[in-house]
Amino acid sequence: MSFIYQSTTEDDLTPLSVTDNETIANRVLPELGQETEDFKHSTWHITNWQNLEERITGPEFEVGGWKWRILLFPFGNNSKNVVSIYLDFVDPLDAPEGWHSCAQFALVMWNPKDPTQYIYHHAFHRFTAKEQDWGFTRFYKLKKLLVPCENRTLAIIENGSANITAFVRVFKDPTGFLWHNFINYDSKKETGYTGFHFTVYLISAIYNIPTEDEDGPIKGVPLALQRIFCDLQTSNTPVYTTELTKSFGWDSLDTFIHQDVQEFSRLLQDKLEVKMKGTKADGVLTKLFVGKMKSYIKCINVEYESSRVEDYYDIQLNVKGCKTLRDSFLNYIQVETLEGDNKYQAEGYGLQDAKKGIIFESFPPVLHLQLKRFEFDVQRDAMVKINDRFVFPMEIDLEEFLSKDADRSNSHKYLLHGVLVHSGELHEGHYFALTKPEKDGKWFKFDDNYVIPVTDSEVLWNNYGGDVLNANQITQISAVNPTKYKPDWLPFTNAYILIYIRESNIDEILSPVVPEDIPYHLQKHLEEVRALTEQKEKELEQYDLYFNVKVVTAEIFKYYQGFDLTNFDEVQPYKILKSETYGVFKENISQIFNIPSEQIRFWVFVNRQNKTVRPDAPIPESFVNTSMEEIFTNMTSRQSVMKLYMEVADKPINDKTWFPEGGEHEIVFLKYFDPDKQAFEGLGQLYIQKSHKVGDYTRVFCEKKGFPSDTPLELYEEIKPNMIEKMDPISTFEQSEIQDGDIICFQKILTDEEIQKHTTAGRCFDIPQFYESLITVSFKLKLKDRDPKSKFDLVLSKKWTYDMVAKAVAAHLSIDPLKLRFTSMFSTTDVPKSVIKRTTTQTLLEMLQPAYSPPAYVNYGFYYEVLDTSIADLETKNFFQVFWIGNMIKEKEVIDIRLQNNAVISELMKEILKKITLSSPSSRIRLFEVYHNKIQKDYVGNEPIGSIQESATLYAEEVPLDEIVINQFDRMIQVCHFTQDPICLHGIPFKFVIKNGEKFADTKIRLRHRLGMNEKDFSKIKIAIIPGTLYAKPEYFDDEDIILSEKKLLNEDYLGLDYVNKTRYTERVEVTILQLQVTGVKEWI
């Protein structure tokens, strides 16, 4: 991995001299947070610049035990009229195998007479024998170095002389992988791990679950886990968890639905505990992960205490308001005094002042601490991520948090061995794990396919969180994190779950699993799978004889709307033999396109340093007997697929020649921008002469488009996506630095009235505006078992209308645009969201980004459907989306329904019944509207569907039996969910029957069954009556003998479920269950 920073001249008002080496080094080399091994500087004095060779090197100097030098291209390296400068490792051929050196460097060019006149660029790079030089191809324009400019009073190159100083810091690399690009990285070879390390107790216990008779992993979670563990112990590649997700009953679409991490953990634990009962593994989960805590209320003035001891699997600790892990533990056991209006009703003593709190009775050998990084923000009425700095140690003694009666015979010193990190914000981000698999071993980062050694500071300092970083801090973190993470996530990378292991149990828990622990039937299955894999690999060996070539034609270019000439993902590949000669390939392509081979010439696309992909050089006809593999190797670099542009000549230049030859001609490509259509049209290629003026070709451009030859035009060069420069008609193409493969865009010059017309209509009126509006949008087929090939990307304008987008998609699919329907998707999950109406007046950007969605969370993608009927006919009907929650509040699916405009609610309910299954034929359903997590309206059935507000959230549920048999003395009440404060409602509300004369204990049983919760989880919930008036105080119930029907309740009062318990259910954090690799599974288990 490398970073290049394009700095300019002196970057503050204080003039410094390059000869003040220490001071200038601190200016030009930002702090990266790495330990320096060596630092040196070397100055090269250059004279007679105008007569220098094309490539020269400076004097050698030693840094970090290796020799270096400055590499200079005085007149540019494949870039004309610029100076190219690099730092070069002198002797890569004699370097030891696997050699690398991590160096930060700045190259400073300065006037020999005045060292305060300088320019510089700085970078850092992992130098290897294959990447021995690194630097700046466009260090500076040569003409600007020859004259005073940009606040410099002297030229940098004066009288043909200049100095170049290299400042070089070589850093220590304790892990061996600093700034590694991880190309061809082998995790197993480098670290010994492919997925994760796990406790011998749990793996051995899972191996002891009998699974020999199960048909397959889709029918059992234990068997799926066993196979994963077995594969991990013996595999050299990452292991995917498709079988495990299927064992939970999830299909390919379910893998994109958000799941609650704690619910998933509980689901997995429950399934394992059931299977472990009566086996050797019985009780292992409890032994490893379960501790005990006591909730108590103790009276101050009388001898009375009410307490309850309960198990916990993890502890949720506050981050907000706490600076350290110890602060959070102290906050957790903080004692609350019950006094005044809040006195405690002590049995036999009446209202008493009391102390209320939680204290730990024991901690488990493996302690999971969940940091509350996600909380509900009352002001925003939404969940937010807490990115506050929170310090946690490598070791902590927890004895001070135990009750006075707790067993202290064993040490309670715990060592950090795992950190689950979230990088990003609430709705978008990335998870990875840091673990220390061995007692005295290294820390490793488990990140998707990669397992990477990391330092202690990367485990701790990088994941404490904190305020928004300054530029220097971002540079530091960029220097130690893979480039896959977005820069704007850097301030939001922090620990989410901490895993500590009791020191006295380390040897036992971290002991390795040996092959003898693996059951025979798993080993046999693995051998069969690998034998089948080897057979498939042998069958695929013949494919190594082939490779793909993508051919771009003028027709493809004509309709392309993005940067460069095309999107290569959309170009059809041709599979050819690597040994096939260029002559045979050319003849075959000519037959496919029915064009004589002599009229075809192929240009090789190359990746330019500015990240564009352009035709660079034609394949010489002398290569007719050269293999295509050899041409691919010699004429391209850093490409996995050969990319060619097929140039077609209409007529010969003379009897023998069809194509221009010689250095005076350059091939360019033309794009015409039509502001009325808000689209480009590719007009093919054109040869220009470098010495001719740009304006001389406007007639040719007009002819290409079919305009009158005197049509006034504006010309632009498409240099790269964020650099569209206007061309000067009086400059020559050479002065404009035009070269082979460049793209020239043109449009008519508009009048002020035409500009105003386009501006009023919200359209782009010139080429730079249109380029700025372009975005890449992904389209996925909206089917449950969709073909992966049905996904494609298109470059479209943000300002396009619905019909313009539909036309572009229809052209790609070769279908009628009126047969298309689009659905938006959630930005973090790709889950379908809502159908977009063709009648919308929104632009593409507005369709992608709702008004309430921050730009960072925009998902540039839609689902599409190919309809049997015209969408114009469909939109004469009303569309409704109903969330079906069945007979237990946990169930949830989305039902899409379309009805005629004059329909009534009862027809909507009939359509719902067609799409769901009720528990009995006599069951009924209820339809209700929810706003801010409260039921606002029940629908009877005779209301017109036009009475449903477009923004309404509709829920339907199966009416419980106790409501169907309700008597005149029973009453209905709404039930809502909240956390501590009734203002903070969440979840799905529902209706519930308060039965006349029923004790609260029996009411709770019915309520628990309605929620579908087990006793242990339900016991964490506090139940209260919430008055309907604003900011009213909840009335909680602890006495199970009270009778709710005797309470005087108003119609607007509701029953509140308070998820206040700190051990579970207070925090609802969603993670995406994708085709997860086992790194993630480890943390859940």
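Name the single residue that is farthest from SER922 (Cα to Cα) among those in the range 941-956 being part of a strand (DSSP E or B) and under 35 Å from the mean Cα position of the chain (by Cα). First the steps, then the outcome.
As a first pass, look at the range 941-956 and keep what is part of a strand (DSSP E or B): 944, 953-956.
Then keep just the ones that are under 35 Å from the mean Cα position of the chain (by Cα); that gives 953-956.
On the way: THR953: 27, LEU954: 23, TYR955: 20, ALA956: 16 Å.
Among residues in the range 941-956 that are part of a strand (DSSP E or B) and under 35 Å from the mean Cα position of the chain (by Cα), the one farthest from SER922 (Cα to Cα) is THR953.
Would you check if there is a residue in the range 49-56 being open to solvent by 30 Å² or more (accessible area, probe 1.4 Å), at pLDDT below 95 and assigned to a strand (DSSP E or B)?
no
One residue is enough: does the range 419-435 have a residue meeting the conditions more than 16 Å from ASN494 (Cα to Cα), in contact with a Leu (Cβ under 8 Å, 6 or more places away or on another chain) and either free of Cβ contacts under 8 Å to residues at least 60 places away in the same chain or buried (at least 18 other Cβ atoms within 10 Å of the Cβ) (or both)? Talk me through it step by step, then tell me what you get.
Of the residues in the range 419-435, the ones more than 16 Å from ASN494 (Cα to Cα) are none.
Looking for residues that are more than 16 Å from ASN494 (Cα to Cα), in contact with a Leu (Cβ under 8 Å, 6 or more places away or on another chain) and either free of Cβ contacts under 8 Å to residues at least 60 places away in the same chain or buried (at least 18 other Cβ atoms within 10 Å of the Cβ) (or both), one finds none in the range 419-435, hence no.
What pairs come out if I take residues in the range 822-838 that are farther than 17 Å from THR876 by Cα and open to solvent by less than 40 Å² (accessible area, probe 1.4 Å) and pair them with residues that are assigned to a loop (DSSP other than H, G, I, E, B) and modelled with pLDDT of 80 or more whose C-beta lies under 7 Å away, six or more apart or interchain?
Short answer, once both residue conditions are applied: THR823/LYS782.
Can you pull out every residue in the range 102-130 that is among the polar types (S, T, N, Q), open to solvent by 10 Å² or more (accessible area, probe 1.4 Å) and under 22 Å from PHE177 (Cα atoms)?
Residues of the range 102-130 that are among the polar types (S, T, N, Q), as a first pass: 104, 111, 116-117, 128.
Now restrict to residues that are open to solvent by 10 Å² or more (accessible area, probe 1.4 Å): 116-117, 128.
THR128, the sole residue that qualifies.
Within the range 945-982, how many residues turn out to be of a type outside the set (D, E, K, R), surrounded by 13 or more Cβ atoms within 10 Å (Cβ to Cβ) and in contact (Cβ under 8 Å) with a residue 60 or more places away in the chain?
So the answer is 16.
Looking only at residues that are β-branched (Val, Ile, Thr) and in a loop (DSSP other than H, G, I, E, B) in the range 686-736, which one is nearest to ASN610 (Cα to Cα)? Please lay out each step first, then the result.
Looking only at the range 686-736, we keep the residues that are β-branched (Val, Ile, Thr), and these are 688, 694, 698, 700, 711, 719, 724, 730, 732.
From what is left, the residues that are in a loop (DSSP other than H, G, I, E, B) are 711, 730.
Numbers: THR711: 33, ILE730: 26 Å.
Selected residue: ILE730.
Tell me whether the range 323-332 contains one or more residues that are among the hydroxyl-bearing types (Ser, Thr, Tyr), part of a loop (DSSP other than H, G, I, E, B) and either open to solvent by 20 Å² or more (accessible area, probe 1.4 Å) or closer than 20 Å to PHE374 by Cβ (or both). It would help to see each step written out before you state the result.
Initially, the range 323-332 is screened for residues among the hydroxyl-bearing types (Ser, Thr, Tyr), giving 324, 328, 332.
Now restrict to residues that are part of a loop (DSSP other than H, G, I, E, B): none.
Within the range 323-332, none of the residues are among the hydroxyl-bearing types (Ser, Thr, Tyr), part of a loop (DSSP other than H, G, I, E, B) and either open to solvent by 20 Å² or more (accessible area, probe 1.4 Å) or closer than 20 Å to PHE374 by Cβ (or both).
Of the residues in the range 499-526, how many are closer than 24 Å to GLN370 by Cα, of a type in the set (Ser, Thr, Tyr) and surrounded by fewer than 18 Cβ atoms within 10 Å (Cβ to Cβ)?
Here the count works out to 1.
Within the range 992-1040, take every residue that is assigned to a helix (DSSP H, G or I) and among the β-branched types (Val, Ile, Thr) and give me the one that is farthest from ASP1053 (Cα to Cα).
Initially, the range 992-1040 is screened for residues assigned to a helix (DSSP H, G or I), giving 1000-1011, 1015-1018.
Those still in the list that are among the β-branched types (Val, Ile, Thr) too: 1003, 1005.
On the way: THR1003: 17, ILE1005: 21 Å.
My answer is ILE1005.
Among the strands (runs of 3 or more DSSP E) confined wholly to the range 97-193, which include 3 or more residues that are within 29 Å of ASP456 (Cβ to Cβ)? Give the steps one after another, and end with the answer.
Details: elements: 100-110, 118-128, 133-141, 162-171.
Fully inside the range 97-193 and qualifying: 100-110, 118-128, 162-171.
Quick grid of which residues meet (1) at pLDDT below 90; (2) aromatic (Phe, Trp, Tyr); (3) under 21 Å from ASN78 (Cα atoms); (4) not in a loop (DSSP other than H, G, I, E, B):
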{"site": "VAL584", "(1), (2), (3), (4)": "no, no, no, yes"}
{"site": "GLU587", "(1), (2), (3), (4)": "no, no, no, yes"}
{"site": "ILE595", "(1), (2), (3), (4)": "no, no, no, no"}
{"site": "ARG601", "(1), (2), (3), (4)": "no, no, no, yes"}
{"site": "GLN609", "(1), (2), (3), (4)": "yes, no, yes, no"}
{"site": "SER622", "(1), (2), (3), (4)": "no, no, no, yes"}
{"site": "ILE631", "(1), (2), (3), (4)": "no, no, yes, yes"}
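Within the range 629-664, which residues are open to solvent by 40 Å² or more (accessible area, probe 1.4 Å), over 45 Å from the mean Cα position of the chain (by Cα) and not hydrophobic (A, V, I, L, M, F, W, C)?
Listed by number, the residues that qualify are ASP650, LYS651, PRO652, ASN654, ASP655, LYS656, THR657, GLU661, GLY662, GLY663, GLU664.
For the range 958-991, give me the residue count where each residue is part of a loop (DSSP other than H, G, I, E, B), closer than 19 Å to MET888 by Cβ and not β-branched (Val, Ile, Thr).
Residues meeting the conditions: 1.
State all residues of the range 922-935 that are out of contact with any helix residue (DSSP H, G or I) (no Cβ under 7 Å at 6 or more places or on another chain), assigned to a strand (DSSP E or B) and surrounded by 14 or more Cβ atoms within 10 Å (Cβ to Cβ); if no residue qualifies, say none.
Within the range 922-935, ARG926, PHE928, GLU929, VAL930, ILE935 meet the criteria.
Anything in the range 898-921 that is farther than 17 Å from GLU958 by Cβ and assigned to a loop (DSSP other than H, G, I, E, B)? List them, or say none.
Selection gives ASN901, ASN902, ALA903.
Which of the strands (runs of 3 or more DSSP E) contained wholly in the range 240-312 include at least 1 residues that are open to solvent by less than 50 Å² (accessible area, probe 1.4 Å), at pLDDT 75 or above and not hydrophobic (A, V, I, L, M, F, W, C)? Walk me through how you get there before you give the answer.
Numbers: elements: 258-260, 291-299, 305-312.
Ranges flagged: 291-299, 305-312.
The rows are residues; the columns are (1) modelled with pLDDT under 85; (2) within 20 Å of ARG971 (Cβ to Cβ); (3) surrounded by 11 or more Cβ atoms within 10 Å (Cβ to Cβ).
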{"residue": "ASP1017", "(1), (2), (3)": "yes, no, yes"}
{"residue": "ILE1021", "(1), (2), (3)": "no, no, yes"}
{"residue": "ALA1024", "(1), (2), (3)": "no, yes, yes"}
{"residue": "PRO1027", "(1), (2), (3)": "no, yes, yes"}
{"residue": "LEU1030", "(1), (2), (3)": "yes, no, no"}
{"residue": "GLU1035", "(1), (2), (3)": "no, yes, yes"}
{"residue": "LEU1044", "(1), (2), (3)": "no, yes, yes"}
{"residue": "LYS1047", "(1), (2), (3)": "no, yes, yes"}
{"residue": "ASP1053", "(1), (2), (3)": "no, yes, yes"}
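For the range 31-48: of the residues being assigned to a loop (DSSP other than H, G, I, E, B) and in contact with a Phe, Trp or Tyr (Cβ under 8 Å, 6 or more places away or on another chain), which is nearest to ILE119 (Cα to Cα)?
Taking the range 31-48 and keeping what is assigned to a loop (DSSP other than H, G, I, E, B), we get 31-35, 47-48.
Filter once more, so that each one left must be in contact with a Phe, Trp or Tyr (Cβ under 8 Å, 6 or more places away or on another chain): 32, 34-35.
Details: LEU32: 21, GLN34: 25, GLU35: 27 Å.
So, considering only residues that are assigned to a loop (DSSP other than H, G, I, E, B) and in contact with a Phe, Trp or Tyr (Cβ under 8 Å, 6 or more places away or on another chain), the one nearest to ILE119 (Cα to Cα) is LEU32.
How about the range 141-170: which of its residues are open to solvent by 10 Å² or more (accessible area, probe 1.4 Å) and within 30 Å of GLU37 (Cα to Cα)?
ASN163, ARG169 - these are the residues of the range 141-170 that are open to solvent by 10 Å² or more (accessible area, probe 1.4 Å) and within 30 Å of GLU37 (Cα to Cα).
What is the one condition in (1) under 19 Å from LEU526 (Cβ atoms); (2) modelled with pLDDT of 75 or more; (3) of a type outside the set (D, E, K, R); (4) open to solvent by 40 Å² or more (accessible area, probe 1.4 Å) that PRO174 does not satisfy?
That leaves (1) as the condition not met.
Of LEU460, LEU398, LEU402, which residue is under 29 Å from PHE360 (Cα atoms), open to solvent by 20 Å² or more (accessible area, probe 1.4 Å) and at pLDDT 85 or above?
Numbers: LEU398 fails: open to solvent by 20 Å² or more (accessible area, probe 1.4 Å); LEU402 fails: open to solvent by 20 Å² or more (accessible area, probe 1.4 Å).
From the options LEU460, LEU398, LEU402, the qualifying one is LEU460.
Condition check ((1) open to solvent by less than 50 Å² (accessible area, probe 1.4 Å); (2) closer than 25 Å to ILE556 by Cβ) across all residues:
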| residue | (1), (2) |
| --- | --- |
| PHE669 | yes, yes |
| PRO675 | yes, yes |
| GLY684 | yes, yes |
| LYS693 | no, no |
| VAL700 | yes, yes |
| THR711 | yes, no |
| GLU714 | yes, no |
| GLU725 | no, no |
| GLY741 | yes, yes |
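In the range 751-789, which residues are of a type in the set (Gly, Ala, Ser) and either at pLDDT below 85 or surrounded by fewer than 17 Cβ atoms within 10 Å (Cβ to Cβ) (or both)? Don't jump to the end; show me each part of the working.
From the range 751-789, those of a type in the set (Gly, Ala, Ser) are 761-762, 773, 778; that's our starting set.
If the condition is that a residue be of a type in the set (Gly, Ala, Ser) and either at pLDDT below 85 or surrounded by fewer than 17 Cβ atoms within 10 Å (Cβ to Cβ) (or both), then ALA761, GLY762, SER778 are the ones that fit.
If LEU369 satisfies every condition in (1) touching a residue at least 60 places away in the same chain (Cβ under 8 Å); (2) part of a loop (DSSP other than H, G, I, E, B) but one, which is the exception?
It is condition (2) that LEU369 fails.
With the requirement that a residue be polar (S, T, N, Q), touching a residue at least 40 places away in the same chain (Cβ under 8 Å) and under 23 Å from ARG152 (Cβ atoms), what does the range 76-134 give you? Write out each step before concluding.
At the first step, the residues of the range 76-134 found to be polar (S, T, N, Q) are 77-79, 81, 84, 101, 104, 111, 116-117, 128, 132.
Right, trim to touching a residue at least 40 places away in the same chain (Cβ under 8 Å) and you get 77-79, 81, 84, 101, 104, 111, 116, 132.
Passing the criteria: SER79, ASN81, SER84, ASN111, THR116.
The values are calculated or read from the model by the stated rules, or taken from the named source; none is laboratory data. No experiment lies behind these values; they were computed from the predicted model shown. Reconstructed Cβ throughout: ideal geometry from the backbone, glycine too, with neighbour counts over all protein chains shown. Please note that ligands, DNA and RNA were not included when accessible areas were found on the heavy atoms of the full protein model with its side chains. Shrake-Rupley method; radii C 1.70, N 1.55, O 1.52, S 1.80 Å.
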